[in-house]
Amino acid sequence: MTEQKPVTEAQATAVPKTPALPDAQTVTEVQHYTDRLFRFRCTRPASLRFRSGEFVMIGLMGDPDPKTGKQKPLLRAYSIASPSWDEEMEFYSIKVEDGPLTSKLQHIKPGDEIILRPKPVGTLVHDALIPGKRIWFFATGTGFAPFASLLREPQTYEDYDEVIITHTCRTVGELTYGRELIEALKEDELLNELIGEGFWKKIKYYPTTTREDSPKMGRITDLINSGEAYKDLGVEPLNPEFDRAMICGNLAFNLELKDMLEAAGLEEGANSKPAQYVVEKAFLD
Ligand code: A2P
């Protein structure tokens, strides 16, 4: 028989307060890059295990229903931009003025709570590729996010001799997140110790812009088709024997690049059937 004791005031206040949101995580850092792009970090659920390159559903509570006053979570799929070993989570997001979620999400500040459903999924994972010598990461816009994770993942450098990351954006400012992240790899003591001193020398970074002047203008698809990208990078053209690839960008880009890889003889892989390339649509609100 349990003894019933009266609840004193001290005990009542010691009861943990219920989180305001289901699956709530706390924002720890926010950085804005342009009026269209920002990144943020948040706490990581203790039980969450994921593979670098996967995505989760994240979001905020929607506005109260005018009739019932009830609020429903407003969730979208977001690639996890941090690597699997990181104790925090990082996300890279677009801001859309009238986007249901990003019009609100762009205003988050450290200390705020977001919803993060701890169920990671996705095809941009090393498990979906068969062994190769060189890996290509092809991104446009916020499609860089899963590669921000994979570029900080030790397995990327264990599995491949060369890592080529292409990033096509409209403007120079939209390249900043990726450029700074790659620059920071050189100085990252933990990663140089974990992966091996100078691991970053395996990376060939190829940023291009389409609507603002920069050292390399044009869509990556055109630059590959013309052979210019191979020449600039000093690499051999795509070869299904050695090359593996991951694609993440807007829909038209994904489809075009997929056709190009297929024409070069690469086959699409999946978790259940690893092959030579994988593709995923970047989040758009
Ligand atoms: P463009 O400016 O020529 O449309 P967005 O911000 O609209 O998602 O686009 C991101 C980048 O992807 C832009 O530089 C855009 O170039 C480029 N892009 C759009 N569609 C394609 C495609 N089919 N192939 C290659 N790049 C593309």
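The values are calculated or read from the model by the stated rules, or taken from the named source; none is laboratory data. Bear in mind the structure is a predicted one, so any value in this text is a computation, not a measurement. Here Cβ is always computed from backbone atoms with ideal geometry, including for glycine, and neighbour counts include all displayed protein chains.
State yes or no: is residue 221 modelled with pLDDT of 95 or more, among the hydroxyl-bearing types (Ser, Thr, Tyr) and closer than 24 Å to residue 244 by Cα? Answer is yes for this residue.
Here the strands (runs of 3 or more DSSP E) wholly within region 36-118 that include at least 2 residues being in contact (Cβ under 8 Å) with a residue 24 or more places away in the chain and more than 17 Å from residue 24 (Cα to Cα) are 37-43, 88-94.
Could you please find all residues in region 251-280 being closer than 15 Å to residue 143 by Cβ and within 11 Å of the ligand (Cβ to nearest atom)? Quick ask: steps written out before the conclusion?
Step one: list which residues in region 251-280 are closer than 15 Å to residue 143 by Cβ, which gives 251-258, 277-280.
If the condition is that a residue be closer than 15 Å to residue 143 by Cβ and within 11 Å of the ligand (Cβ to nearest atom), then 251, 252, 253, 254, 255, 256, 257, 258 are the ones that fit.
Being within 30 Å of residue 256 (Cβ to Cβ) and in contact with a strand residue (DSSP E or B) (Cβ under 7 Å, 6 or more places away or on another chain) is the requirement here; does residue 83 meet it? The answer is no for residue 83.
Residues checked against (1) more than 16 Å from the ligand (Cβ to nearest atom); (2) surrounded by 21 or more Cβ atoms within 10 Å (Cβ to Cβ); (3) in a helix (DSSP H, G or I); (4) among the β-branched types (Val, Ile, Thr):
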{"residue": "146", "(1), (2), (3), (4)": "no, yes, yes, no"}
{"residue": "156", "(1), (2), (3), (4)": "yes, yes, yes, yes"}
{"residue": "171", "(1), (2), (3), (4)": "no, no, no, yes"}
{"residue": "175", "(1), (2), (3), (4)": "no, yes, yes, no"}
{"residue": "182", "(1), (2), (3), (4)": "yes, no, yes, yes"}
{"residue": "192", "(1), (2), (3), (4)": "yes, no, yes, no"}
{"residue": "204", "(1), (2), (3), (4)": "yes, no, no, no"}
{"residue": "208", "(1), (2), (3), (4)": "no, yes, no, yes"}
{"residue": "212", "(1), (2), (3), (4)": "no, no, no, no"}
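The single condition among (1) touching a Ser or Thr at 6+ places or on another chain (Cβ under 7 Å); (2) modelled with pLDDT of 95 or more; (3) not aromatic (Phe, Trp, Tyr) that residue 96 does not meet is (2). Collect the residues in region 239-269 that are part of a loop (DSSP other than H, G, I, E, B) and modelled with pLDDT under 95, keeping them in residue-number order. Result: 250, single match.
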